[in-house]
Amino acid sequence: MCDSHNNHHHEPPGEAISSGGIKIAITGKGGVGKTTLAGMLARAFAAEGRRVWAIDADPDANLASSLGIPADRGAELRPLSRMKELAKERTAAADGYGSLFKLNPRVSDLPEKFCLEHAGVGLLLMGTVDQGGTGCVCPEHTLVKRLMQHLLLERDEVVIMDMEAGIEHLGRGTAESVDALIVVVEPGRRSLQTARQVTRLAADLGIANVFFVGSKVRDELDRRFLEDSLAGGCWLGAISSSDVLREADMQGVSAFDLGGSHVDEALAIKGKLVANFAKLQEAG
Ligand SMILES: Nc1ncnc2c1ncn2[C@@H]1O[C@H](COP(=O)(O)OP(=O)(O)OP(=O)(O)O)[C@@H](O)[C@H]1O
């Protein structure tokens, strides 16, 4: 089913998903290039006129700057997981732990209300929820979980989630709605090890479509090393090792705005993803 060829040249990317959105989660070892890819893909979908939600679900990530949002604006954004008052109001939780609250709060207005808008992308910062041990379900956790479900299940838009390597917190019921899990890998043992772990976890969580994208690839040898190491995997392409990307990160500017071969690589990755997604949909 995996189509790794350049057939997107025959099929304009984007048209294949003219109806229905596409829900993408991006994962991989820390520092591998997830946020760089997430930012470029989000901007690329938005440049086609699609409504895109970029979700920062990685506590270490800085998706705002990778999308091209200036640092002072990015700093305005508060993680939804910290909005205790909102969570309390929506779940109608009374003070004190152990009190009863709604497990199905209304969240449909939250993306528009709390996103940071930039170049056709709505950025949402999820943050992390300290669950205080197993079994604890606090209002903030309920709200964030419900919001993720809403974006993945009830929205017909493009959703791109920048996640950490641990995808466990996607949880059952939400994970199944991810159309594509992209695992970013760089030529290195630890990155490959993480990729294998994540792939196993994805299967356990019911995520059907796992794709790989190379990052910081220097040459053909690197490319072959990656593809051989994860043989049989579905590859969407790679982002070459690039000083422009490193520079973009240091300056806090969007790699997509800078332009260059890395943008072409990101567009090719998007094209293959869309083509694969269309095929999967056809197959039912
Ligand atoms: N293809 C590339 N070539 C060179 N440098 C890159 C490339 N991709 C990413 N980088 C650099 O690697 C660093 C980490 O990138 P990025 O933040 O995208 O990774 P991440 O996986 O999201 O990290 P984290 O796990 O910390 O969120 C940044 O300095 C970025 O500029």
Seminar exercise, completed: Per the filter on segment 155-181, residues open to solvent by 10 Å² or more (accessible area, probe 1.4 Å), away from the ligand (no atom under 16 Å from the Cβ) and either part of a loop (DSSP other than H, G, I, E, B) or closer than 19 Å to residue 123 by Cβ (or both) are 155, 156, 157, 171, 172, 173, 179
Problem set entry | Considering residues of segment 53-69 that are surrounded by 24 or more Cβ atoms within 10 Å (Cβ to Cβ) and more than 16 Å from residue 127 (Cβ to Cβ) only, the residue farthest from the ligand (Cβ to nearest atom) | 69
Exercise. Considering 258, 273, 267, 236, which residue is farther than 22 Å from residue 120 by Cα, more than 10 Å from the ligand (Cβ to nearest atom) and among the aliphatic types (A, V, I, L, M)?
Worked result: 236
Exercise. Taking the stated definitions as given, is residue 184 at pLDDT 95 or above, more than 21 Å from residue 2 (Cβ to Cβ) and outside any helix (DSSP H, G or I)?
Worked result: no
Exercise. Within segment 211-228, can you find the residues that are within 21 Å of residue 27 (Cβ to Cβ) and either in contact with a strand residue (DSSP E or B) (Cβ under 8 Å, 6 or more places away or on another chain) or within 11 Å of the ligand (Cβ to nearest atom) (or both)?
Worked result: 211, 212, 213, 214, 215, 216, 217, 222, 223, 226, 227
Problem set entry | Among the candidates 47, 75, residue that is over 15 Å from the mean Cα position of the chain (by Cα), modelled with pLDDT of 95 or more and either away from the ligand (no atom under 16 Å from the Cβ) or within 30 Å of residue 284 (Cβ to Cβ) (or both) | 47
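Give 210, 198 a once-over and let me know the one that is open to solvent by 20 Å² or more (accessible area, probe 1.4 Å) and under 30 Å from residue 172 (Cβ atoms).
210
The values are calculated or read from the model by the stated rules, or taken from the named source; none is laboratory data. All of these numbers come straight from a predicted model, not from anything done at the bench. Note that we place each Cβ from the backbone using ideal geometry, even for glycine, and neighbour counts take in every protein chain shown. Just the protein is used for accessible areas: all its heavy atoms, side chains included, with ligands, DNA and RNA removed. Shrake-Rupley method; radii C 1.70, N 1.55, O 1.52, S 1.80 Å.
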